[in-house]
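The values are calculated or read from the model by the stated rules, or taken from the named source; none is laboratory data. Everything numeric in this text was worked out from a predicted model, so none of it was measured. Using ideal geometry, Cβ is built from the backbone for each residue, glycine included, and neighbour counts are taken over all protein chains shown. For accessibility, only protein heavy atoms count, side chains too; no ligands or nucleic acids. Shrake-Rupley method; radii C 1.70, N 1.55, O 1.52, S 1.80 Å.
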2 protein chains.
Amino acid sequence: MVTYVGQGDPARTMALLWGSAPAPPRRGPRPGLSLEEIVRAAIDIADAEGLAEVSMRAVAARFGRTAMALYTYVPGKEELLDLMVDRVLADADRDLPYAQGWRAAATAGAHASWEFHVRHPWLLQISATRSVLGPHELDSYEAQSRVFAGLGLSGLDITRLVGTLHTFVRGAAASMAEARAAERVTGISETDWWTTRAGYLESMVTSPEYRARYPTITSFEPTAHDVPDPDAPYLEQQARDTFTEGLAVVLDGMAAFIAARGAAGPGSVPAVPPAAESAAQGSAAP
Amino acid sequence: MVTYVGQGDPARTMALLWGSAPAPPRRGPRPGLSLEEIVRAAIDIADAEGLAEVSMRAVAARFGRTAMALYTYVPGKEELLDLMVDRVLADADRDLPYAQGWRAAATAGAHASWEFHVRHPWLLQISATRSVLGPHELDSYEAQSRVFAGLGLSGLDITRLVGTLHTFVRGAAASMAEARAAERVTGISETDWWTTRAGYLESMVTSPEYRARYPTITSFEPTAHDVPDPDAPYLEQQARDTFTEGLAVVLDGMAAFIAARGAAGPGSVPAVPPAAESAAQGSAAP
DNA sequence: AGAGAACTCTTTACAGCGTAAAGTAACGTG
DNA sequence: CACGTTACTTTACGCTGTAAAGAGTTCTCT
């Protein structure tokens, strides 16, 4: 119910993101926890109970500690959220079928990303544009950019295509995630939620007054506002279909853009040779 | 920094949204406030100071009352947020140039909606998919749907096109809003924020290790990661351009969809005659 | 070996949040 | 004038993130 939008101290966050495991302290008691497991516990809670349940006290309780114990490992909650974002992206699927052409790769990537966001809906609640710039986020960005490499596009072109696709996927995933969260969050089942409103909407479609105010939407097929079948969640299916159909539309637009712009001129981004696709995945501080 | 995602009791909310002003009480002291001005005050705070500053105490303080006084008018904070959403949509621009064709109308509508969301960025933080279904939200939905009426599309087609466009606009507006909020929220200027990260990124582009891990994005023109000119906010301009360019791409895709699907068959949604465009805007409970 | 620095973790505390419960004061009707 | 209704306040509770101070453990340096 309550979520963060801000962001922690960038320097500290970057150090935590990119720094290899810090040297173990030379004095004092051994650390009973690690940054890694704290971040994982926070992700577990967010996945299972929602971002609202991720409190410093709740995370610490998973280790039998008090909230303040976490401040030994993390500067504050905002930094913890930053770390959660990058860490969870490590599990995102990044094996895209680049060899099958950009459209197949983009479709696969969009579907993978959509499902990933639906699986970790709290990602949608944390600011996306102010990117965390962690290693795994860059992995993801690299994988998506590679889809459009070798088509004669500039880096800026690719940045925008990836941005557009990302924006669309996140928006569609948000519809899905919120359709799913509807019942859990409000304690009202999807059917109940819909039926309480249906009474108002029904009278609307038939009332001449409302047909005058809303001529277009009241002329839609009535099924669009029917009470959903509880076994086949209406909002969920709607969200899924809107994503699939919308994706095709967006990709059609990109096809036109690539056809018009792509000419392999100077400054265009070259494709990654297939041999290099499984490049080193090691990480070290820069 | 903290925002709500849940939603209030739907029945109560619907009554408040659609109910005309309730009959004044027959006994007891006169109400010193009204629902209307409470909602407006909350919107003022959200616009000026961000959604995080909209607390029951803060809203009440604008009227010299305590937080609990608001509960005479509103069941709780979540319902207040629902009301804010629908109320602010009353001010959205809805004069679209339908006569100039769907693409012109869609472009105008998208730009208006984008600017509206940038002006009221807190809208992006409140759940969008679980729509409030208030009169003004329906006005907006009607205006956007009308863009695609008369093209031979079904209601479901139109719903999805509108959904795709809406998703895209919100995502792009989110980029813009967060670029703007960056400084205010974190207390760090955009330039500072970027330069602290630039050190890490710079070494990345030159390091062979990172060129191997991120071959595509490290081959982009270096300007993409340059420190922005403080006078011409880099992130803002980037967000604006991505919106404009992305919109063209999305609309190209829609053009292809309409060309393929639009055949004015049975079940297709007819255009609204221009005469009816300035229809009655009065509202009454259904 | 002993002192002290360094380190983890706890305890306590504070200001803020939404809101439940109870009380006070004002008002219109019988 | 008394009563019931209503607007609003006061108090309180449990929750949040985190500052400050202290307890306890472990290593290093003299």
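On the given criteria, is A:Leu83 more than 13 Å from chain B (Cβ to nearest Cβ), more than 16 Å from DNA strand C (Cβ to nearest atom), closer than 23 Å to A:Ala143 by Cβ and part of a helix (DSSP H, G or I)?
yes
Please verify whether A:Asp93 is under 18 Å from the mean Cα position of the chain (by Cα) and assigned to a helix (DSSP H, G or I), treating the condition exactly as stated.
no
Within the range B:159-180, how many residues turn out to be touching a residue at least 60 places away in the same chain (Cβ under 8 Å) and either surrounded by fewer than 21 Cβ atoms within 10 Å (Cβ to Cβ) or at the interface with chain A (Cβ under 7 Å from one of its Cβ atoms) (or both)?
6
Step by step: first the residues of the range B:42-51, then only those that are in contact with a Phe, Trp or Tyr (Cβ under 7 Å, 6 or more places away or on another chain) and assigned to a helix (DSSP H, G or I), then the one that is nearest to DNA strand D (Cβ to nearest atom). Which residue is that?
Looking at the filtered set, the residue picked out is B:Leu51.
To keep it simple, each residue is scored yes or no on (1) touching a residue at least 24 places away in the same chain (Cβ under 8 Å); (2) outside the structural domain of B:Ala173 (by TED's automatic domain parsing).
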residue: B:Ala41; (1), (2): no, yes
residue: B:Ala60; (1), (2): no, yes
residue: B:Arg65; (1), (2): yes, yes
residue: B:Leu70; (1), (2): yes, yes
residue: B:Ala110; (1), (2): yes, no
residue: B:Val118; (1), (2): yes, no
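Do we have any residue at all in the range B:60-78 that's under 16 Å from B:Ser131 (Cβ atoms) and among the polar types (S, T, N, Q)?
No.
Can you tell me which of (1) assigned by TED's automatic domain parsing to the domain that holds B:Gly163; (2) within 16 Å of DNA strand C (Cβ to nearest atom); (3) at pLDDT 95 or above is the one B:Ile126 doesn't meet?
Going through (1) assigned by TED's automatic domain parsing to the domain that holds B:Gly163; (2) within 16 Å of DNA strand C (Cβ to nearest atom); (3) at pLDDT 95 or above one by one, B:Ile126 breaks only (3).
Got a number for residues in the range A:132-158 being of a type in the set (A, V, I, L, M, F, W, C), at the interface with chain B (Cβ under 8 Å from one of its Cβ atoms) and within 15 Å of the chain's Cα centre (by Cα)?
Result for the range A:132-158: 2.
Let's see how each residue does on (1) under 26 Å from B:Tyr141 (Cβ atoms); (2) away from chain A (no Cβ under 14 Å):
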| position | (1), (2) |
| --- | --- |
| B:Pro22 | no, yes |
| B:Pro29 | no, yes |
| B:Val39 | yes, yes |
| B:Ala58 | no, yes |
| B:Arg62 | no, yes |
| B:Arg65 | no, yes |
| B:Leu70 | no, yes |
| B:Glu78 | yes, no |
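I need the full set of residues from the range B:163-196 which are at pLDDT below 70 and out of contact with any helix residue (DSSP H, G or I) (no Cβ under 6 Å at 6 or more places or on another chain), in order please.
Scanning the range B:163-196 gives B:Ala181, B:Arg184, B:Val185, B:Thr186, B:Gly187, B:Ile188, B:Thr191, B:Asp192, B:Trp194, B:Thr195.
Out of the residues in the range B:252-269 that are modelled with pLDDT of 80 or more and at the interface with chain A (Cβ under 7 Å from one of its Cβ atoms), state the one that is farthest from A:Leu165 (Cα to Cα).
That would be B:Val269.
Just to confirm my filter: which helices (runs of 4 or more DSSP H) fall fully inside the range A:102-157 and include at least 3 residues that are open to solvent by less than 30 Å² (accessible area, probe 1.4 Å)?
A:102-119, A:135-147
Please pick out the residue among B:Val39, B:Val74, B:Val54 that is away from DNA strand D (no atom under 15 Å from the Cβ) and aliphatic (A, V, I, L, M).
Selected residue: B:Val54, the only one of B:Val39, B:Val74, B:Val54 that is away from DNA strand D (no atom under 15 Å from the Cβ) and aliphatic (A, V, I, L, M).
Take the residues in the range B:217-250 that are among the aliphatic types (A, V, I, L, M) and surrounded by fewer than 21 Cβ atoms within 10 Å (Cβ to Cβ); name whichever of them is modelled with the highest pLDDT.
B:Ala248
Read through the list (1) surrounded by 15 or more Cβ atoms within 10 Å (Cβ to Cβ); (2) in a helix (DSSP H, G or I), then give the number of the only condition that A:Val74 fails.
In the conditions (1) surrounded by 15 or more Cβ atoms within 10 Å (Cβ to Cβ); (2) in a helix (DSSP H, G or I), A:Val74 misses (2) alone.
Suppose we filter the range B:21-56 for residues that are exposed (fewer than 12 other Cβ atoms within 10 Å of the Cβ) and either farther than 15 Å from B:Arg87 by Cβ or within 13 Å of DNA strand C (Cβ to nearest atom) (or both); how many remain?
Residues in the range B:21-56 being exposed (fewer than 12 other Cβ atoms within 10 Å of the Cβ) and either farther than 15 Å from B:Arg87 by Cβ or within 13 Å of DNA strand C (Cβ to nearest atom) (or both): 10 in total.
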